[in-house]
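> Structure in structure tokens, see below.
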Amino acid sequence: MKTVAVIVQDGFAPFEFGVACEAFGLDRSDDGVPNFDFRVVTPDPGAVASKLGFSINVDADLSFAYEADLVVVSPTPREWWGRTDPRVLDVVRDAARRGAWLLSVCSGSFILAAAGVLDGRRATTHWMYADTMVSMYPQIDVDPDVLYVQDGRIITSAGTAAGLDACLHLLRIELGAELTNIIARRMVVPPQRDGGQAQFIAQPLPEASSLSLSPVTDWMLENLRHDLCVEDLAARAHMSPRTFARRFKADLGTTPAAWLARQRIIHAQRLLETTDLALDRVAYECGFGSAAVLRQNFARVLGTTPTAYRSTFSCATDVAGMPEPVLAGSTT
């Protein structure tokens, strides 16, 4: 992925637009991250009004989007849903036909839906608008309970910050885990929120630091190679297993087992990128036990093999002397 086009129209949402700019538009070459040819495009170049009353000046029309490896669509006002500019819909359909990446942030998924590229696919949007999408587009399998969904080369995301999670997910696919961790550190955000996490987390901030699960999740990350069962984790948190599982889901939006599995995959990605350890050793260090189990998890989560992943991303950047990435899931 080398070229990125972000489509904006009158009424665009500034935060969601800014997410795409932050993820794909900044020059991070000093950190060893390759730059993208990033351009903001619009159907009619000139002043494009945001929904908050200010405008940005966009020089480029939609031509570049027909060639871009990634096309990002920003949300438009709710009253526009179902009557998106036909020129934008043509760009979206063309991107789907030629196998480019398509990514929507928040209700930008309604633009993809109007273009018909989500028909028969699983997708998501902000939970407030999920019922509307189901009503307007019954042919789409709408999942309102996740942060983002990847179906083929189309990624849809939920509201606000979930769009950033979706962008980091795509960057991890294209650049690997280590470079994506570098980008996440620059943004000061956790790099590992999985798409299957719930959109709505009942208790995003613990009432008191003494009740935080952060010490437990930090300990889990330091002991991935060991067999970590809920009973032992609950004892470390001074809770019953049932209370711990319920609290973990409420605070982190996923189960302890799912969270742990995701951390193990991410650790395996980093070891494959930055070391020449044999697969059995990588599997041991990550808690998978054997290379066979590591392969099974890689195929399930990443759709590739550890060997193929290492071939693609090994030595992608010089990580000597770099600080360890922040992986504490309790900060999500």
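> What share of the DSSP beta bridges in the chain is antiparallel, in percent to the nearest 5? Kindly include the intermediate steps, with their values, before the conclusion.
Working: 8 of 28 bridges.
Of the beta bridges lying entirely in the chain, close to 30 percent run antiparallel.
> Another question, if that's okay. Computed on alpha carbon atoms, what radius of gyration and Dmax characterise the chain, expressed in Å?
According to the Cα coordinates of the chain, Rg and Dmax are 20.5, 61 Å.
> While we're looking at this one, here's another question. What does the stretch 95-152 give for Rg and for Dmax, in Å, if only its C-alpha atoms count?
Rg and Dmax of the stretch 95-152, Cα atoms, are 10.4, 32 Å.
> Of Ala261, Leu168, Ala113, which is farthest along the charge dipole of the chain in the positive direction, counting Lys and Arg as +1 and Asp and Glu as -1 at C-beta?
Positive-most Cα among the choices belongs to Ala261.
> I've got another one for you. Rounded to the nearest 500, what is the 222 nm mean residue ellipticity of the chain from helices alone, with -39500 (n - 2.57) per DSSP H run of 4+ residues and division by all residues?
Values: 13 runs with 138 residues, N = 332.
That comes out to -12500 deg cm²/dmol.
> Using 0.36 nm per residue of separation minus the Cα-Cα distance, give me the extension gain between Asn35 and Ala308 in nm, one decimal. All intermediate terms of the calculation are to be shown ahead of the outcome.
Numbers: separation 273, 0.36 × 273 = 98.28 nm, distance 2.35 nm.
Working it through step by step, the gained length comes to 95.9 nm.
> Using a simple spin-label model with points 7 Å from Cα along the Cα→Cβ vector, what separation in nm is obtained for Thr255 and Cys229?
1.6 nm
> Among the complete DSSP H segments of the chain, which ones combine at least 24 Å of alpha-carbon extent along their axis with a mean Kyte-Doolittle hydropathy of -0.5 or more?
Details: long enough: 256-274 (27 Å, -0.15).
Helices meeting the span and hydropathy rule in the chain are 256-274.
> Calculate what fraction, in whole %, of the accessible area of the stretch 80-134 sits on carbon and sulfur atoms when a 1.4 Å probe is rolled over the protein chains. Spell out each step's value before the answer.
Numbers: 1030 of 2120 Å².
So the carbon and sulfur contribution to the accessible surface is 49 percent.
> Mind listing the long-range amide H neighbours of Ser50? Cut-off is under 5 Å, sequence gap 5 or more, other chains count too, H placed in the peptide plane at 1.01 Å from N.
Gly11, Ser55, Ile56
> Further question on the same structure: Considering only the stretch 27-112, what is the antiparallel percent among its DSSP beta bridges, to the nearest 5? Write out the running numbers ahead of the final one.
Working: 4 of 9 bridges.
If I count the DSSP bridges inside the stretch 27-112, around 45 percent turn out antiparallel.
> Between Leu89 and Glu22, what length in nm is gained on full extension when 0.36 nm per residue of separation is reduced by their alpha carbon distance?
Values: separation 67, 0.36 × 67 = 24.12 nm, distance 2.45 nm.
Going from the current span to full extension adds 21.7 nm.
> Then there's this: Could you give the nm distance between label points at Thr160 and Arg98, where each point is 7 Å from its Cα heading toward the beta carbon?
3.6 nm
> Sort largest first and round to whole Å: the equivalent ellipsoid semi-axes of the stretch 50-109, each the square root of five times a Cα gyration tensor eigenvalue. Each step should come with its number before you reach the end.
Details: eigenvalues 85, 42, 23 Å².
Semi-axes, largest first: 21, 14, 11 Å.
> Skip the ligands, DNA and RNA, and give the accessible area per residue of the chain with a 1.4 Å probe, whole Å².
Details: 14800 Å² over 332 residues.
Value returned for the chain: 45 Å² of accessible area per residue.
> What length, rounded to one decimal in nm, is gained on full extension from Ser55 through to Asp151, with 0.36 nm per residue of separation minus their alpha-carbon distance? Don't jump to the answer; show the numbers that get you there.
On the way: separation 96, 0.36 × 96 = 34.56 nm, distance 3.33 nm.
That works out to 31.2 nm of additional length.
> Over all alpha-carbon pairs of the stretch 1-141, lay out the pair-distance distribution in 5 Å bins, whole %, shortest bin first.
2, 10, 20, 23, 21, 13, 7, 2, 1, 0
The values are calculated or read from the model by the stated rules, or taken from the named source; none is laboratory data. Values in this document were obtained by computation on a predicted structure and should not be read as measured data. Reconstructed Cβ throughout: ideal geometry from the backbone, glycine too, with neighbour counts over all protein chains shown. All accessible areas refer to the heavy atoms of the entire protein, side chains included, with ligands and DNA or RNA removed. Shrake-Rupley method; radii C 1.70, N 1.55, O 1.52, S 1.80 Å.
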